[in-house]
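Let me begin by presenting the structure, written as structure tokens, before commenting on it.
Only the coordinates and a few stated rules stand behind these numbers; no lab work does. Bear in mind the structure is a predicted one, so any value in this text is a computation, not a measurement. Glycine gets a Cβ as well: all are built from the backbone with ideal geometry, and neighbour counts include every protein chain shown.
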């Protein structure tokens, strides 16, 4: 089966990659939508059809960075720990992007994306926040 990408997905990809590239060399608040769409090679209407704000682009990009990490399919603590290590590998690989988020005081967007993703994973497994904390946090802290 051929792996194809829709036109809409290719537009979103172009906009998110362009924004990430601009962010490496320019403060986020100084990046205009005009600059983003120009670098992406799309029209302004493509931006507004797919995003409500520039911040939405960053959230989309962050989610894309982590989409290749296999989803959690078991509640075993070791799997959760391995899953979290995969997140750290992505952060290291995309260090320039995350340093730019830090520079511009935008790390909260990363936490929004992580919270949303974790909530989805927990719901798929039928977990509640308290059972997640009980199962995972003692293993991370080294406590018995």
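Observations on the model:
- For residue 49 and residue 69, the FRET efficiency from 1/(1 + (r/R0)^6), where r spans their Cβ atoms and R0 equals 35 Å, is about 0.80.
- With a simple spin-label model that places each label point 7 Å from the Cα along the Cα-to-Cβ direction, the separation between residue 26 and residue 91 comes to 2.8 nm.
- Cα gyration tensor category, rounded, prolate or oblate, for the range 1-66 with a/c compared to 1.5: prolate
- Here the label points at residue 38 and residue 124, each 7 Å from Cα along the C-beta direction, are separated by 4.0 nm in the simple model.
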